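A quick write-up on the structure given underneath.
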Ligand code: FAD
Ligand code: UDP
């Protein structure tokens, strides 16, 4: 009789699943391929003593009280509202596009009402399909071609190495357009960073007498020996099935960190560079973490094809392959012995809160039915 559960991956999905199972009385083994826990949300102090996010900038934001409450059991929060500027036409302007962006770019004194009229005119004189069929249509239907070309077209080509027409309109839904002066990147009710870091928070989630964690161990190397009554898999979807329907594409990043002997390097946490340079954005961590230091560390993101699987690539081809894999997932999940949860395992462009929500939902359902 198998009397334990196995969780593959110690990122947010895996840690949440493990905790919920443990609290329900299950014995849980967590197996993590990397030398550390926390997956892509990992953070650490660098040699200059600055808290950095190892895999690129992570800001927690959610509308879900349930998710916020769950995580708040394991961390206090540094409340932070994320701000981004975009380097366009030689100026640093607020992004997402708001009233101040338009005023600065076009040298206009403009009211909220005028912004709506301005955008409606921009859209009216642009060509796009309605309803939008892809990323380009979706953005143009909101802001028109002129602003699309200034802020989105080249950033998207750089980020995804794809024509924006090949990408799903879903990706565009991540970025709002505002006629007011709200310059926050996210408008969710709960926003911030774990006060002592994501790694510490995830360490606390995993800190339960019924959870054992083994890092530096690839699940597939020990899968035969480790047959639990439930396998919660949070690794890449295609890898689980030996690429039987072909590779799912992941876009990766080359991250270049630099420490500067000055209190601040740039005016806000993130500056986007849609049209210039090979990097997409520069992040200065101290703005996000609230850390005080006479030095500061920044991170340049250079998108690349191969490497850590960071981003799912939302093209029709990949989404079609995903569907084929998800049919296999359904078959396995129907046995009651498997759950596939998280950004890699579901091949979904999830934020951290969505991953936690999915893990809570799927594991609680499994416990109820077990
Ligand atoms: P992961 O964190 O990837 O964890 C999966 C784990 O499984 C990994 O640790 C991996 O090593 C392990 N694993 C895989 N295969 C095996 C195996 N065979 N054996 C053992 N272990 C295995 N979200 C936000 O909410 N806000 C942000 O600001 C934000 N910014 C981001 C910026 C970047 C650059 C990236 C890439 C992502 C960002 N995200 C952000 C998304 C966030 O990182 C993810 O939603 C979340 O971390 C996914 O958690 P997960 O547990 O599903 O996957
Ligand atoms: N995007 C853009 N210009 C920007 C910022 C974002 O065109 O200045 C597009 C781009 O395609 C990007 C997507 O919007 O991949 C989602 O942006 P987000 O900031 O959510 O990306 P993430 O933080 O997930 O890298």
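Computed from the coordinates by the stated procedures, all read-outs in this text should not be read as laboratory data. What you see is a predicted model; the values in this text were computed from it and never measured.
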Over 10 Å intervals from 0, what percent of Cα-Cα pairs in the chain sits in each interval?
5, 22, 30, 25, 13, 4, 0, 0
Which percentage, to the nearest 5, of the DSSP beta bridges contained in the chain is antiparallel?
65 percent
Go from 0 up to the bin containing the longest alpha carbon distance in the range 272-320, width 5 Å each, and give me the % of pairs per bin.
4, 15, 16, 17, 18, 15, 7, 4, 2, 1, 0
Calculate how steeply helix 12-23 sits against the longest principal axis of the alpha-carbon atoms of the chain, using the helix alpha-carbon long axis, and give the answer as 0 to 90 degrees to the nearest 10.
40 degrees
Tell me, what is the percent relative contact order of the range 85-194, built from C-alpha pairs under 8 Å that lie six or more residues apart?
31 percent
Would the range 208-255 count as rounded, prolate or oblate if I go by the C-alpha gyration tensor, calling it rounded below 1.5 in a/c and otherwise prolate when a/b exceeds b/c, oblate otherwise?
oblate
Shape call for the range 27-80 from the C-alpha gyration tensor, a ≥ b ≥ c root eigenvalues: rounded (a/c under 1.5), prolate (a/b greater than b/c) or oblate?
oblate
Shape call, the range 290-344: gyration tensor on alpha carbons, a/c limit 1.5
oblate
Angle in degrees between helix 112-124 and the longest Cα principal axis of the chain, rounded to the nearest 10:
90 degrees
What is the distance in Å between the Cα centres of the range 189-218 and the range 48-108?
22 Å
Can you give the log10 of the normalised intensity I(q)/I(0) at q = 0.15, 0.20 Å⁻¹, computed with Debye over equal Cα scatterers of the range 142-193?
-0.53, -0.86
Rounded to the nearest whole Å³, what is the per residue volume of the convex hull around the Cα atoms of the range 229-370?
144 Å³
Step by step: find N for the range 81-183, compute 2.2 N^0.38 Å, then divide the Cα radius of gyration by it. What's the final number?
1.03
Pick from 158, 348, 63: which residue has the top mean-square fluctuation in a GNM of the chain where Cα pairs under 10 Å get a spring?
63
Could I get the Rg over Rh figure for the range 103-160? Both from C-alpha atoms, Rh via Kirkwood, rounded to two places.
1.01
Enter the angle in degrees (range 0 to 90, nearest 10) between the Cα long axis of helix 135-147 and the first principal axis of the Cα atoms of the chain, meaning the one along which they spread out most.
30 degrees
Could you give the distance between the Cα centres of the range 275-335 and the range 109-169, to the whole Å?
22 Å
In deg cm²/dmol and to the nearest 500, what is the mean residue ellipticity at 222 nm of the chain if only DSSP H runs of at least 4 residues count, each as -39500 (n - 2.57), divided by the residue total?
-9500 deg cm²/dmol
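With the alpha-carbon atoms as the only input, what is the per residue convex hull volume for the range 1-141 in Å³?
Normalising the Cα hull of the range 1-141 by residue number yields 233 Å³.
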